[in-house]
1. In nanometres, what is the gap between the two model label sites at THR99 and SER133, each 7 Å from Cα along Cα-to-Cβ?
2. Give me a comma-separated list of calculated 3J(HN,Hα) values for region 47-57, in order, Karplus coefficients 6.51, -1.76, 1.60 applied at θ = phi - 60°, integers in Hz, x for any Gly or Pro.
3. Please report the relative contact order for region 73-188, taking Cα pairs under 8 Å with a sequence separation of at least 6, and give it as a percent rounded to a whole number.
4. Given the alpha-carbon gyration tensor of region 15-92, what are the semi-axes of its equivalent ellipsoid in whole angstrom, ordered largest first, with each equal to the square root of 5 times an eigenvalue?
5. In whole Hz, what ³J(HN,Hα) sequence does region 204-210 give by Karplus (6.51, -1.76, 1.60; θ = phi - 60°), x for Gly and Pro?
6. What's the extension gain from GLN106 to SER77 if we count 0.36 nm per residue and subtract their Cα-Cα distance?
7. Given the protein chains as shown and a 1.4 Å probe, how many square angstrom of THR26 are accessible, to the nearest 10?
8. Sorted by mean Cβ packing within 10 Å, highest first, what order do the peptides 166-174, 78-86, 252-260 take?
Amino acid sequence: MLHECSLLIFLGLAAHTGWVHSVSVTTPEKIVVGKSGSTVVLPCQYSTTVGTQFVVEWKFFSSSKQTTRWQQIYYYSDGSTYKPGSQAERLTAVNNPPTSGVASIQLTNIGWSDNGTYICEVNNPPDFSGSGSAIIQLIVLAPPTSPTCQSNGNTIMGQDATLTCSSTGNPSPVYKWSMVGAKTSLLPGMMENEITGSLLLTNLSEPMSGTYRCTASNEMGQASCQVSITVSSVSAAGVVAGAVIGVLLALIIIAAIVFYLLCYRKKRKNVTKQDHPGNDIREDAVSPMMNDEQRRSRESHHSRGSRDTSENRARVV
């Protein structure tokens, strides 16, 4: 507490004796508007007695990029100038060096990426009081970029589909859909959203088949894109699906038949080899040239031989 009181007393005495000077930074325009491709000046004025530690700094916060950080784009100190930002080639100081009460900067060929908030800061130690910064908003007017058209959903008769259109520009573009070659821009069952750029097609029918054009426009200009759709009936879709399934089933059946034939042929070869082991001649084989009497005689002889063999075996036992 005693330390804080001592500091306040010191600052009061310093201000009373003229040891401390204040820094006052102002801007005559809080918002600067410029067209894409033009040159703009971001004004910044200050009042202080420039000393050896005098510093001018500009920072930028982009509104067209997803960022949460300030970017340093200009820095002046001790007679040297630095421009570390992406706008370096298009950025210049109105007064160089900025030591005469004007710290304004100029941007040439401005574009969509220059949209955002700029802050001008002046530091001049040992000046401890006053407002050392000023904030300026830059709005770049730009025509819509070439939009992107897409079709979402199944374009089958009786169902719904959505066409989308997206573009960037400043001011924000307004979207308008139309059907190419149609007498009216849109048919019944079509609902467009001029802000989001969507076109809802409800209860699709064959007359809805065709090419659709989306036009994005603002006070700076316009641009367009096209997308085509073909509405098909459920029966047609079913026929196509049935044909595909039929072809697949036929291929499966053919493959099964071929596999079965190959396996059957292989199995038959194995059986044939087991039943007919070769060209061995059997003892009781009958010549095809014998007549009936010779065959009966041979069979009778073969039967007697078999009985004799059996009797001999029995005697031996």
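The values are calculated or read from the model by the stated rules, or taken from the named source; none is laboratory data. The structure presented is a predicted model; accordingly, all values stated were derived computationally and were not measured. Cβ: placed from backbone, ideal geometry, glycine included. Neighbour counts: every protein chain shown. Surface areas here come from the heavy atoms of the whole protein model, side chains and all, with no ligands, DNA or RNA. Shrake-Rupley method; radii C 1.70, N 1.55, O 1.52, S 1.80 Å.
1. 2.5 nm
2. Values per residue, Gly and Pro as x: 9, 5, 9, 4, x, 6, 9, 5, 9, 10, 9 Hz.
3. On the way: 138 pairs, mean separation 16.5, N = 116.
About 14 percent, as a whole number.
4. Values: eigenvalues 165, 51, 34 Å².
Those come to 29, 16, 13 Å.
5. Coupling constants for region 204-210: 4, 9, 4, x, 7, 5, x Hz.
6. Working: separation 29, 0.36 × 29 = 10.44 nm, distance 1.86 nm.
Roughly 8.6 nm would be gained on extension.
7. Per-residue accessible area (THR26): approximately 70 Å².
8. Working: 166-174: 18.6, 78-86: 12.4, 252-260: 10.0.
Averaged packing, sorted descending, gives the order 166-174, 78-86, 252-260.
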